[in-house]
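Nothing in this text is a laboratory measurement; each read-out follows from the coordinates by a stated rule. No experiment lies behind these values; they were computed from the predicted model shown. Glycine gets a Cβ as well: all are built from the backbone with ideal geometry, and neighbour counts include every protein chain shown.
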Amino acid sequence: MQKDGANEKYFLGSVKNAIRILKLYSRPKQEYGITEIAHQLDIHKTTVHRLVTKLCSKGFLEQNPHTKRYHLGLSILGLSGLVTTHYEIYRVSLHVLKPLVDELGETAHLAILEDQHIVYLHKIECRHPVSLMSSIGQRNPALKTGVGKVILAYQPEEYIQHVIAKSGPYHCEKTEAQIRAELDQIKKQGYSIVKEEISKGIVSIGAPVKDYTGKVIAGISVVGPLDRIKKMKTGFLVDKIIKAAAEISENLGFYETKQKAASLERN
Amino acid sequence: MAKTKNKSNSLDNALKLLDLFSMDVSELGVTEIANKLGIAKSTAHRLLITLESEGFVMKNRETSRYHLGVPLLALGNLVSSRLKILEVGRPIIRQLVEKTGESAHIAILKNGEVFYLCKEDCKHPVEMLTHIGRKNPPHCTSAGKVIFAYKPKDFIENYIKEHGLHPYTPYTITHPEEFLRVLKQIKQQGYAISKEELHEGITSIAAPITVNQQVAASVSIVGSIKRIHPTNYHSLTKSVIQAADQISHKLKTL
């Protein structure tokens, strides 16, 4: 999604480079010097210096007075704080996902669809996490993940078409007919199970989250190693995950589940 | 806005554009942005597609307006993982939320504003008043007042000169002398209470966190006056002070 749509020639070079500098930062490495940045991004040192100075003046970077190198600044925290506030779902899902992780002992995610990708809003790790291809804010191809497939399964036909068309290289091992059959099946059963499609030995079980209009806007997934998931009964896990997803939907104002339960009780 | 479209101007504008988003403004359109920044619509559009290409903003397909992008969450997480005060403080304020039943924060003073570094929500579906990275005026929040209380007098006087004591509710302290007197009292008692000084119906209680023998941050709880009530000020204050002291102590022994 990065490159398509917009014409790259219209991009503003200094803005693009400034963001590339910010994105350079990753957990194992928290500080960079000017020369390192210039080297890593292949931008001239004077340009890097000018951009870094500007980013510092606005609080996006800060200089460590001891090492003279730069780390991410509090303005970033401000923006990410806004993201968590604007996404209502981020807030209302936390109190549901935490207990789910405690109970099941596996890692849980909350993700939303962005074009043909999913983006993780929450990753809540269990006590014995396995290394997964996910982190908060990261994108993965929707068609390769349990949570992506379960969100997709409920999208309108044109959207599915769009994602399949755009995901070309990601589903080369499957035909369009196979993908469609899989999504149909997921929608019919109300959850997805994906085995080892992104990481070997890893299973992901996903369920849909609906907003107050009943539209599927997100998904949750519980992910863990095949042997641990097998030990718990799949049916048990699926029940728990669907229930958690329904609870988040309710927090967002979707009441069908409640109405259904009430009518079941009455009968 | 200057006519010259030099390079630093576009980065300036991009950063200003990001700054237009706030708790109340989650989506912005091209024309709106152009007007607010005083730039041409075509320039605003170029800024947006550049920011979008890196995921800093996202276009809402239905409204054709832009909102902040989720990749910012990943960067925000990197900042919080760097800050020792959060590493130490987060589990402690989580306990504080469990104990008091109210939302809790860790905040610092930055450029004359209270800046919330971390927030733990309580289970009440409350008033969304604060969020991480939110900035509030210090003179009418307990989180700000308690940090102010330990600053030298000229620091406070400078603040008043620069920002004034703007009234947000009928209960905001607006007289400099009274403000200084209140700060003195806060320092004596070691905590601050701000009852409806920023939002009507909301009270907060804060205590100072000390780093290198200086008050550098604060712990606060915020909630409805119905729950944070004079009858339970004592026990709530005790819990807030305890949490702040615990954080100060842990930071010292790191």
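Of note:
- Total charge dipole magnitude, the stretch B:83-252, about the Cα centre, Cβ charges on Lys, Arg, Asp, Glu only, Debye to nearest 20: 460 debye
- Within the stretch B:104-245, the ratio Rg/Rh, alpha carbon atoms throughout and Rh by Kirkwood, equals 0.93.
- Checking every one of the GluC sites (Glu not before Pro) in the stretch A:142-218 against DSSP loop status and a limit of 16 other Cβ atoms within 10 Å picks out A:GLU173, A:GLU196.
- Rg/Rg_globular for chain B, with Rg_globular taken as 2.2 N^0.38 Å and Rg from C-alpha atoms: 1.13
- Charging the Cβ of each Asp and Glu at -1 and of each Lys and Arg at +1, and nothing else, the dipole of the protein assembly as shown about its Cα centre rounds to 1020 debye.
- The stretch B:55-198, relative contact order in percent, only Cα pairs under 8 angstrom and at least six apart counted: 15 percent
- GluC sites (Glu not before Pro), loop per DSSP, at most 13 other Cβ atoms within 10 Å - longest free stretch of chain B: B:128-199
- Descending principal axes extents, the protein assembly as shown, alpha-carbon based, whole Å: 76, 66, 43
- Remark: mean inter-chain Cβ contacts per residue of A:47-53 equal 1, using a 10 Å Cβ-Cβ cutoff to other protein chain atoms.
- For chain B, built as a Gaussian network whose Cα springs stay under 10 Å, the top-fluctuating residue of B:SER80, B:SER204, B:SER239: B:SER80
- Residues B:TYR171 and B:LYS226, FRET efficiency given R0 of 25 Å [Cβ-Cβ distance, rounded to 0.05]: 0.95
- Computed FRET value (nearest 0.05) for B:LYS250 with B:GLN214, which takes r as the C-beta separation and R₀ as 25 Å: 0.95
- Of the trypsin sites (Lys or Arg not before Pro) found in the stretch A:60-91, those that fall in a DSSP loop while having at most 13 other beta-carbon atoms within 10 Å are A:LYS68.
- Residues in the stretch A:114-128 carry Karplus couplings, in order, of 10, 6, 8, 10, 10, 10, 7, 8, 10, 9, 10, 8, 8, 5, 10 Hz; the curve used is 6.51 cos²θ - 1.76 cosθ + 1.60 with θ = phi - 60°, and Gly or Pro positions show x.
- Rel. contact order, % - alpha carbon contacts under 8 angstrom, at least six apart, the stretch B:7-69: 33 percent
- Filtered trypsin sites (Lys or Arg not before Pro), the stretch B:54-93: DSSP coil and at most 11 other beta carbons within 10 Å: B:ARG61
- Neighbouring Cβ atoms from other chains, within 10 Å of the Cβ of residues in B:76-85, number 6 on average.
- Alpha-carbon Rg with Dmax, taken over the stretch B:7-69, Å: 10.6, 33
- Taking B:SER142, B:SER64, B:SER194 in turn, the Gaussian network model of chain B (Cα-Cα springs below 10 Å) assigns the largest fluctuation to B:SER64.
- Computed over chain A, Cα set: Rg, Dmax in Å: 21.3, 75
- The residues A:LYS98, B:LYS145, when put in order of fewest to most other Cβ atoms within 10 Å, stand as A:LYS98, B:LYS145.
- Taking other residues whose beta carbon is less than 14 angstrom from the beta carbon of B:LEU28, and scoring Lys, Arg as +1 and Asp, Glu as -1, yields 0.
- Gaussian network model of chain A, Cα within-10 Å springs - most flexible of A:ALA111, A:ALA207, A:ALA181: A:ALA181
- Kirkwood hydrodynamic radius computed over the stretch A:8-79 comes to 12.4 Å, based on all pairs of distinct alpha carbons.
- Dipole of the stretch B:7-69 computed with +1 at Lys/Arg Cβ and -1 at Asp/Glu Cβ about the Cα centre; of B:LEU47, B:VAL57, B:SER22, farthest Cα towards the positive end is B:LEU47.
- Here the dipole of the stretch B:174-254 is about 320 debye; that uses its Cα centre as origin and unit charges on the Cβ of Lys and Arg (positive) and Asp and Glu (negative).
- 12 Å beta-carbon shell around A:LYS240, net charge (K/R +1, D/E -1): -3
- Shielding by partners for peptide A:92-98, expressed as the average number of C-beta atoms from other protein chains within 10 Å of each residue's C-beta, is 1.
- Couplings 3J(HN,Hα) of the stretch A:148-156, computed from phi: x, 5, 5, 6, 4, 3, 9, 7, x Hz, in residue order, whole Hz [Karplus 6.51 cos²θ - 1.76 cosθ + 1.60, θ = phi - 60°; x for Gly and Pro].
- The stretch B:239-254 versus the stretch B:218-236: alpha-carbon centroid distance in Å: 19 Å
- Spin-label model distance (nm) - B:SER235 vs A:PHE236, 7 Å beyond Cα toward Cβ: 3.8 nm
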